[in-house]
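These notes are about the structure you will find just below.
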């Protein structure tokens, strides 16, 4: 596996961003996508969150290794938001908050982030999500089900994100009818999954104030280097092929997979794993030609 660093830029025009990064689907770290003068950078912190939403109940997510047969892992428990924040600041933990809706619970917070929209109006500012995690927590290697472009801005802590283009799905052992890989790209087992030896991707390290652009359909594995949180906004897929994939994933494939898993249970998962391995083996042969 070969990883190249994602470059960082600032003061890029919309025209140049669309031509150089969005259209050719190339990841980049934007240093000024979120205006550094935004109120969020001045007043947001854990103590502030505890005051405005500390009693809010939150679903907590843990390791996803045990849920490889599912589109999305299930929560492992609940707590108050305040207790969760105390947890991640006291010690390393794999516990995360996934697609947290604090900005919906407290919609006035949306006004605290001012975007320098290099997409020329494509981002959905009204649909933000927050992600919190403890030091060492991870999100498995996956593709977003709706195939949107994603802009993820770090507000506290440091995240390390590995990115791989859609075209390498077979070498990554994509689980058929799902949107994640069955491999551990952080600690690759080249004997069990030799396709990983041919994978080429990118590595991004984002710090507070920086925004990573993840193109539509790109794989991403996320690790919290420290505890912290980020906010993501999306832009709809650009091409009709990406739009069709997103629609198919949301409306057809997800429900088909749930039905087959409920009917055939473990046999369905074994079938998908076998298919992933066969597709990877064919992809390996193409690499050797």
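Determine the shape class of region 120-160: with a ≥ b ≥ c the square roots of the Cα gyration tensor eigenvalues, call it rounded for a/c under 1.5, and otherwise prolate if a/b is greater than b/c, oblate otherwise. Taking the square roots of the gyration eigenvalues as a ≥ b ≥ c, region 120-160 is oblate. Would you mind getting me the FRET efficiency between residue 76 and residue 16? Use the beta-carbon distance for r and R0 = 45 Å, nearest 0.05. Here the calculated transfer efficiency is 0.55. Convert 10 °C to kelvin, take the viscosity as 1.306 mPa s, use the Kirkwood radius over C-alpha pairs of region 2-288 as Rh, and evaluate the Stokes-Einstein diffusion coefficient in µm²/s, rounded to a whole number. Rounded, D is 80 µm²/s. The label point for residue 4 and the one for residue 260, both projected 7 Å from the Cα toward the Cβ, are 3.5 nm apart.
For region 72-108 versus region 230-289, the spacing of their alpha-carbon centroids is 28 Å. The label-point distance for residue 281 and residue 63, in a model that sets each label 7 Å from Cα toward Cβ, rounds to 2.9 nm. Compared with the dominant principal axis of the Cα atoms in the chain, helix 254-264 is inclined by about 50°. The angle between the Cα long axis of helix 81-90 and the longest principal axis of the Cα atoms of the chain comes to about 80 degrees, rounded to the nearest 10. For labels at residue 101 and residue 26 in the simple 7 Å Cα→Cβ model, what's the distance in nm? A separation of 3.9 nm, rounded to one decimal place. Full extension of the chain segment joining residue 108 with residue 226 gains 39.7 nm, where the gain is 0.36 nm per residue of separation less the Cα-Cα distance. Stretching residue 252 away from residue 198 to a fully extended chain increases their span by 16.3 nm, per 0.36 nm per residue minus the current alpha-carbon distance.
Every number in this text was worked out from the coordinates using simple rules, so none of it is lab data. Treat the numbers as computed from the prediction; the structure is a model and nothing was measured. Note that each Cβ is placed from the backbone with ideal geometry, even for glycine, and that neighbours are counted across all protein chains shown.
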